[in-house]
1. Tally up the carbon and sulfur contribution to the accessible surface of segment B:12-244 as a whole percent, 1.4 Å probe, everything protein left in place.
2. Just tell me how shielded B:75-81 is by partners: mean number of partner chain Cβ atoms within 10 Å of each residue's Cβ, no decimals.
3. Accessible area of chain A with a 1.4 Å probe: how many percent of it is carbon plus sulfur?
4. Given a 1.4 Å probe and heavy atoms of the protein chains only, how would you sort A:His280, B:His16, B:His288, largest accessible area at the top?
5. State, to one decimal in nm, how far the label point of B:Ala376 lies from the label point of B:Ala326, with both points 7 Å from Cα in the Cβ direction.
6. Among A:Ala105, A:Ala313, A:Ala278, which one shows the biggest mean-square fluctuation in a GNM of chain A, springs joining Cα atoms closer than 10 Å?
7. If one computes the Cα centroid of segment B:249-328 and of segment B:66-97, what distance in Å separates the two points?
8. What are the extents of the Cα atoms of the protein assembly as shown along their three principal axes, in Å, largest first?
Amino acid sequence: MSITFPQKATGSPVAAQLVARIALRAEAVLIPVGALLAGFVAFSLFLLFLGKSPVEFFALVWKGGFSSAFSWQNTLSRVAPLVLAALCVALPARLGLVVIGGEGAIVLGGLAAAVTGTLVVGLPSAMGMVLMAVAAMCLGGLWIGAIGALRIKRGVNETIASLLMAYIAIALLNHFVEGPFRDPASLNKPSTAPIETALQVGDMPFVAAHWGVLAGIVACLLCWVLIERTTIGFAARIAGDNVRAAQIQGLPVSKLVIGFTALGGACAGLGGYFEVAAVHGSANASLIAGYGYTGILVAFLARHNPLVIIPVAVLLAGFEASGGLIQRRMDLPDATVLVFEGMVFIIILLSEALYGRLRIFNPGLRGAS
Amino acid sequence: MIHTCENGAISVQTLHTTMRFGAFTALDDVSIDIPAGTFHALLGENGAGKSTLVKCMMGFYNATSGELLVKGREARMTDPKVAQKLGLGMVYQHFTLVPSLTGAENLVISRADTPGLIDWRRETRALDAFMTKMPFHVPLDQPVSRLAAGEKQKLEIIKQLYLGNRFLILDEPTSVLTPAEADEVLGHVRALTQAGEITVLMITHKFREVSAFADDVSILRRGKYVGGGSVADMSIEDMSRAMMGEAPVISTRSRRDTVKQPLLTMNGIKARDRTGLKPIEIDDVTLHSGEILGIAGISGNGQMELMEILTGQRRMEQGDIRVNGAQYGATRAEARAHAIRYLPEEPLRNACAPRMSVAENIAFRMFDAGKDGKTAFWNDSGAIARNAATLIKAFNVKTSSPAARIASLSGGNVQRAVLGRELTGDVKALIVSNPCFGLDFAAVSSIRDRLVEARNQGTAILLISEDLDEIMELSDRILVMSEGRIAYETPIATANVEQIGQYMAGHH
């Protein structure tokens, strides 16, 4: 038996609609922002416990990440892989899948790009670059798409599968880089042969960042359009919220799951491509930089909204960029930023429980049932 | 300090109990006297306040005002533990036994003082001694999952007696039982009350059970006590009038003669049931246009699986479903081409995306319908909004806004929203499962009206329901499902409740 409350008298239906819409929007913004602030506070307490000044820490983050052209360059160079790795989490999340193995797709995407780079010598450079990017996206897409397929066809938990497959991907990278594809000239750090200068991705005009940042932003825009403005995205949201409802509607749930995971993997693979073509120049262990894992935090902070991923990625890239400065100035280990990220992540996960529970954001909330 | 009376029934009285939730009054000055050793029925529609009242008695709610007397002395039910201490126990509508444990294990672990290390030999001896005093028996050495529903219900009652409770609240105890099982269980309960062992307060909405078993009855409507007394002095008409109010909502459903043509056929279907152990076999069922084909059966006899087969959620090992002669696999394209719609039970859980808005939820059928029957690529938010506005009005969905999450709506409004979505346009067939489960009287009536109306328009309706009254009221033809098969078929004209009940229970 349920107890229904009489509807509160609200002026006109239009006003009520507006109130409900604003309340829902406010919920989607204020809860993650609040969680982020709570993460700041928790981390500040941790610093105080260590006898360090939180004020100094955040001042250094500002200095190292955002204060000068040099620090912005440092930050922006991290934005491209972070944004693309975050999409690898956000797209499957729309279907209710928690994929945390974007690192694997980045690493393999980078490897595919570097190997393709050695094969396209002689082709026009534009075509070569496109082929490298396509190869990276295909391998990344296959890798994460396979996780989606395992989930839908065999019921394998995608979170664990993606994590374990990331380790396999890293092992594969190491194997190929130290074995079949090793450039004999790379002595201290086994790498593939460096790609030709003509195939390298340069910096954008006026901005101290490579074209990958723009590619990441465009990818976010396209993904947002896909999710919010197309019927495919609508179907994916139904399936992500309630798979039984989607099945009863006859929606192609398997195709959606495999498609969205593959697309996410393709994004991460593209991130790997830019790491090779714009940053490292060849595939080597530097690809294993943890962007895939930070991308998880970015996506969760952004509530899996591709548009919000962009600013959140910039923020976290700034934190990561200032890691070195913090290490030198505050005598804190490099991993301090990871502690910060971990704390924010735990609080973000806890805050998930608040959605739909707070009455200020849910005017129609039932009091008891 | 009042001590639990180990032997003998206890009396309970509520005096002027009022319960408010904010501005809403769920119970308004309700006084009910239940003398020791009586069988008292609590009647009322959904939402009448029955559950609120018993929750106040059990200490789950603190009444806003009023008193509760147990054995004539005031008791302050601040906590469910207090109720337990005073000997008040509740048997819930759904079983609360652990299915994988035996009856004995369930009983022992339910005790508050179960030791960390259980001496099973001693416990078994104690249980055997206890069971000899019981008027009915349940095998205690078998896992509860192997017991029939009636036995589980008996075990629930035995559990309360084992815990020393002498005032039992039974919340619709027969909703999951066959009529024969229900009569048996209630017969035992009645015998226990007559022997002065226990006092019983039974929540129900079945008049038959009230007149057959109860001594007294209290009727609630909209939170108020509206009538009651000795069952012997009251006719079913009296009770029903009190329960429904002065102006009962009488169904004005008229059934038009319709052209009945075969639409959907199921042939030689074999599939596994939910547990994967038992087969589901549907040999030959044909659904015609303009008819309501009711599928009766007790929960768990394969109806859920049948629904899943029809919606394409469960794989068939053999057989086929044909619509207008063509193979049907329940894909979106096929469902759209043949205009087949579904209304699964508990729509919020099975047919809605709870975190999406009302408007989006009612757009599930149309959001990708482009021109010329093609699938559209771009969302048309204008069309979604217009669709929402039309359907919310046409199906009288009460929501604060089309943008509100559908999960914030009451059950009846969710059901109407989903029904609106599924009944829009030229619907050839509607496959429905327990459409009125858990809804209040007015919502039930309006939803049944819609179903009959659709039938009159020529829609073929397959109505899978565990509510036999609903099947009898709506169907043109009735099939009975038992043990995963169709056990019996009859047109409504020759339908006989007793016979159907026997087939439901698998007695044939």
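The values are calculated or read from the model by the stated rules, or taken from the named source; none is laboratory data. No experiment lies behind these values; they were computed from the predicted model shown. Cβ coordinates were reconstructed from backbone atoms using ideal geometry, including for glycine residues, and neighbour counts include every protein chain displayed. Remember, those area values only see protein heavy atoms, side chains included, never the ligands or the DNA or RNA. Shrake-Rupley method; radii C 1.70, N 1.55, O 1.52, S 1.80 Å.
1. Working: 5080 of 10030 Å².
C and S atoms contribute 51 percent here.
2. 0
3. Values: 10990 of 16090 Å².
Answer for chain A: carbon and sulfur cover 68 percent of the accessible area.
4. Values: A:His280 65, B:His16 105, B:His288 45 Å².
From most accessible down to least: B:His16, A:His280, B:His288.
5. Placing both labels 7 Å along Cα→Cβ, they lie 2.3 nm apart.
6. Highest fluctuation of the listed residues: A:Ala278.
7. Taking the Cα centre of each part, segment B:249-328 and segment B:66-97 sit 44 Å apart.
8. Extents along the principal axes: 100, 71, 64 Å.
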